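Remarks on the structure that follows.
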Amino acid sequence: MAKTPITVAYGDGIGPEIMTASLRILEAAGAEFDIEEVQVGEKVYLSGNTSGIDPKFWDSIRRTKVFFKAPLTTPQGGGFKSINVTTRKTLSLYANVRPTRSLHPFVDTKHPNQDLVIIRENEEDLYAGIEHRQTDEVYQCLKLLSRPGSERIVRYAFEYARANKRKKVTAFTKDNIMKLTDGLFHKVFDEIAKEYPDIENEHWIVDIGAAKMADTPENFDVIVLPNLYGDVLSDVAAQIAGSVGLAGSANIGEHGAMFEAIHGSAPRRANQNLANPSGLLLGGIMMMVHIGQPEVAEKVHNAWLKTVEDGIHTYDIFREGVSKEKVGTKEFADAVIARIGQKPSQLEPVSYAGGAGIPKASDAAARTPAKKARLGVDVFLDWTDDDRDPNLLGEKLSKAGNDEVKLTMITNRGLKVWPKGAPETFCTDHWRCRFMSTTEGGEVSQQQILDLMQRVHDHSFEIIKSEQLYTFDGEPGFSLGQGQ
Ligand code: NAD
């Protein structure tokens, strides 16, 4: 078989030890790959490169399209960019697949029947990293969700479920509050779910969904989530299955894939032959499926299950009375290698035959853009005059209106404070002031908005930003004020 080139980073902290162990196990099971080693992480950061990535990395990953990455240390202090986020976003690795499965009774868990896969959107949401301090008191972070981004991840979750013979896909959002952003994700989920009638689907609001997942994870199968919820809940899912040290992750896109452990570089455990290589090894197993060597993936996964079942445990999962032998990283790898060809007898063996595993990424469907109409503008002000009395702000700012546009509402942190606010409401120095056409439902031109902004400025108000208010095919593309 021709060898598949892969890009490998040995990482920082425990990285080199667990990467060496994982590669040794995969090779012992017959993996056919050619390793291109690249430098990313702490050493590169500390050499003065704030991206933490040696430029040669990009040549390698564009050639191999497969990146096997040990955990990296992001140095403390500002200015260092996260390599994970840069790699995922640059290569558009939009699907983050994180399987979690309990290994009861061999690894401690309150959830003996947990077998759940988290599919986390990897590029959007609050991870756009667009943040601003706009006033003395108020900071903002933009949450961006796109239709193609939501479609791609939701479709990926259903494709994953189908390829792996899973029965149900669940989505978690907070669309009772974020009706437009999380609302889009939920809507796309409902649309795409219809194309997969063979797979059950359900949606939970993320708070109660997360509580249910932590309480009875066995009731979930595949869970698809926007980025931030997915980040948080995939760690929860891994930890309640036994340990974050036991979970691997695949980051899949059309232009490449990255495989890793979900844990970090555990610097305190480095260079002591202590770390558990299982998370990275499970990432490596997904990589073998992805590069078309599922038989290697199956052999290694079953040998690993057998090792755990035989009670050969690293310190993090070792438990008196259950574990048989406490071993280091190297010895754990030796034990897995010695069991290649064996299957577990109590834990369920895995099978990667028949295309199961890691589906390829696909693009979102082409669509006709909606018809957009501009109905007004939200002008955001930094304002602290007049003891911050919203009624006085309303009175003064109304004068910036004319016979084309008028002030209709002011909110503070989203709550309506004018007209007719409540006297108890605490107001910051950050005000959202909504101007709409004087004709009910009428359109407003870009020029009319620019003229309005000039008049607001002429009335001595400080504008910190504006957001135009559109409808799309007649549907409002903006939320109402709370209490409006
Ligand atoms: P961590 O995951 O490195 O460690 C958390 C705890 O889990 C520690 O007690 C550690 O000893 C234990 N642990 C983690 N992996 C283990 C393993 N394989 N075997 C045994 N025990 C293990 O998280 P942290 O301490 O918050 O972060 C340390 C560094 O890792 C930071 O620089 C952080 O930025 C980085 N980090 C990197 C990644 C990544 O590269 N994907 C992810 C998370 C954190």
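The values are calculated or read from the model by the stated rules, or taken from the named source; none is laboratory data. The model shown is predicted, which means the values in this text are computed figures rather than measured ones. Cβ coordinates were reconstructed from backbone atoms using ideal geometry, including for glycine residues, and neighbour counts include every protein chain displayed. Remember, those area values only see protein heavy atoms, side chains included, never the ligands or the DNA or RNA. Shrake-Rupley method; radii C 1.70, N 1.55, O 1.52, S 1.80 Å.
Given a Förster distance of 45 Å, report the FRET efficiency between Asp198 and Arg319 from their Cβ-Cβ distance, rounded to the nearest 0.05.
0.65
Any chance you could run the full-extension gain for Asp385 through Ala353? It's 0.36 nm times the residue separation minus the Cα-Cα distance, nm to one decimal.
This chain segment gains 4.5 nm when fully extended.
Roughly how many percent of the accessible protein surface of the chain is carbon and sulfur, given a 1.4 Å probe and a whole-percent answer?
Carbon and sulfur atoms account for 50 percent of the accessible area of the chain.
Roughly how tilted is helix 15-28, in degrees to the nearest 10 and between 0 and 90, from the longest Cα axis of the chain?
Helix 15-28 and the main axis of the chain meet at about 50 degrees.
Might you work out the accessible area of Asp198 for me, using a 1.4 Å probe with all protein chains in place, and round it to the nearest 10 Å²?
Using a 1.4 Å probe on the heavy atoms, I get roughly 90 Å².
With just the Cα atoms defining each centre, how far is region 421-451 from region 303-377? Give it in Å.
Taking the Cα centre of each part, region 421-451 and region 303-377 sit 51 Å apart.
What do you get for the angle between helix 147-163 and the principal long axis of the chain? Use alpha-carbon atoms, 0 to 90 degrees, nearest ten.
Approximately 30 degrees, to the nearest 10.
Between Asp473 and Ile35, how high is the FRET efficiency from 1/(1 + (r/R0)^6) when r is the Cβ-Cβ distance and R₀ = 60 Å? Nearest 0.05.
For R0 = 60 Å, the calculated efficiency reads 0.70.
Quick one: angle between helix 329-338 and the longest Cα principal axis of the chain, in degrees between 0 and 90, rounded to 10, please.
On a 0 to 90 degree scale, this one is about 60.
Compute the length gained on full extension between Asn271 and Glu395: take 0.36 nm times their separation in residues and subtract their Cα-Cα distance, giving the result in nm to one decimal.
Working it through step by step, the gained length comes to 37.9 nm.
Under a 1.4 Å probe, what is the accessible area of the chain per residue, stated in Å²?
Dividing the accessible area of the chain by its residue count gives 45 Å².
According to a simple spin-label model (label point 7 Å from Cα along Cα-to-Cβ), what is the distance in nm between Phe426 and Glu462?
2.2 nm
Out of the DSSP beta bridges found with both residues in the chain, what percent are antiparallel (nearest 5)?
For the chain, the DSSP antiparallel bridge percentage is about 65.
Mean residue ellipticity at 222 nm from the helices of the chain, using -39,500 (n - 2.57) per DSSP H segment of n ≥ 4 over the full residue count, to the nearest 500 deg cm²/dmol?
Here the helix-only value at 222 nm equals -9500 deg cm²/dmol.
Which net charge results for the neighbourhood of Lys371, defined as the other residues with beta-carbon distances under 15 angstrom from its beta-carbon, given Lys and Arg at +1 and Asp and Glu at -1?
0
Suppose each label sits 7 Å from its Cα in the direction of the beta carbon; what would the Asn113-Arg147 distance come out to in nanometres?
With each label placed 7 Å out from Cα toward Cβ, I get 4.1 nm.
For the chain, count all C-alpha to C-alpha pairs, find those more than 43 Å apart, and express that count as a whole percent of the total.
Tail of P(r) above 43 Å: 27 percent of Cα pairs.
Using a Förster radius of 22 Å, what is the FRET efficiency between Lys43 and Glu331 based on their Cβ-Cβ separation? Nearest 0.05, please.
With R0 = 22 Å, the Cβ-Cβ based efficiency is 0.20.
Distance between the C-alpha centers of region 166-200 and region 66-143? Whole Å please.
Cα centroid of region 166-200 versus Cα centroid of region 66-143: 21 Å apart.
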